[in-house]
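Just so you know, all these numbers are worked out from the coordinates, no wet-lab data involved. Computed from a predicted model, the values in this text were never measured in an experiment. Note that we place each Cβ from the backbone using ideal geometry, even for glycine, and neighbour counts take in every protein chain shown.
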Amino acid sequence: MTRLRRPRRSPQIVLVYGADKSAAAPGETIIFTAWIINDSKVQLRNVRLIPRSFTNEGMENLDYTSKPHDGDLHIGTLSAGESAMLNFSYVVSASDHWHGGELVSAMGVTCMSRGRAIRDEHDAIVALRQ
C-alpha cells in the first residue's frame, strides 16, 4: 500500500484591497483600504505594500489625495495570523469624470518566508457616475 503525503501548506500573504464605495461623482472622496494578512503559521519578514498604479479611464496616472508615508509601506514583520491595515484617499476630479468609465487602483504586497519571496496583488475599481 502506497502512502500519500499531504503537501505542506506554503506560507501565504494575502492582500485584501477595496474602496468604500462602488461608484463616485466629481468632488467625492474615495477611501481605499489595504489589509495585509499573514495567512500562515509562520512569521513573514520584510512585508511591504507596493502601490502599482492608479489610473482613470483616460489612462492618466493619478496621485492619491492622502496616503501613508513611504516608511509606513514597509510593515516589517507579521507573525502568524497577524495583519496590518493602510488607507489611501482620492477626491474624484472633473478630468476623471470627463473620461468616464472607472478608476483603477492596483496594489501589491511582498514578503520573505523561509528564503522565498511571496507576493499577492489586488485591484480596487470604482465606477464614475454623474
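Our coupling estimate for the stretch 13-18, obtained by passing each phi through the Karplus curve with A = 6.51, B = -1.76, C = 1.60 and θ = phi - 60°, is 10, 10, 10, 10, 9, x Hz, Gly and Pro reported as x. Scaling against 2.2 N^0.38 Å puts the C-alpha radius of gyration of the stretch 13-128 at 1.14.
Among Tyr17, Tyr64, the ranking by other beta carbons within 10 Å of each residue's beta carbon, starting with the fewest, stands as Tyr64, Tyr17.
Just so you know, the Cα atoms of the stretch 9-52 work out to an Rg and Dmax of 14.7, 46 Å. Between Met112 and Val91, the FRET efficiency estimated from the beta carbon spacing at R0 = 41 angstrom works out to 0.70. In this label model, Ser53 and Val16 are separated by 2.7 nm, measuring between points 7 Å along each Cα→Cβ vector.
Take the Cα of Val42, go 7 Å toward its beta carbon, and the backbone nitrogen atoms of the stretch 75-98 under 16 Å from that spot belong to 77-82.
Counting only DSSP beta bridges with both residues in the stretch 13-128, tell me the antiparallel percent, nearest 5. Show your work: numbers first, answer last.
Values: 41 of 43 bridges.
Expressed as a percentage, antiparallel bridges in the stretch 13-128 total about 95.
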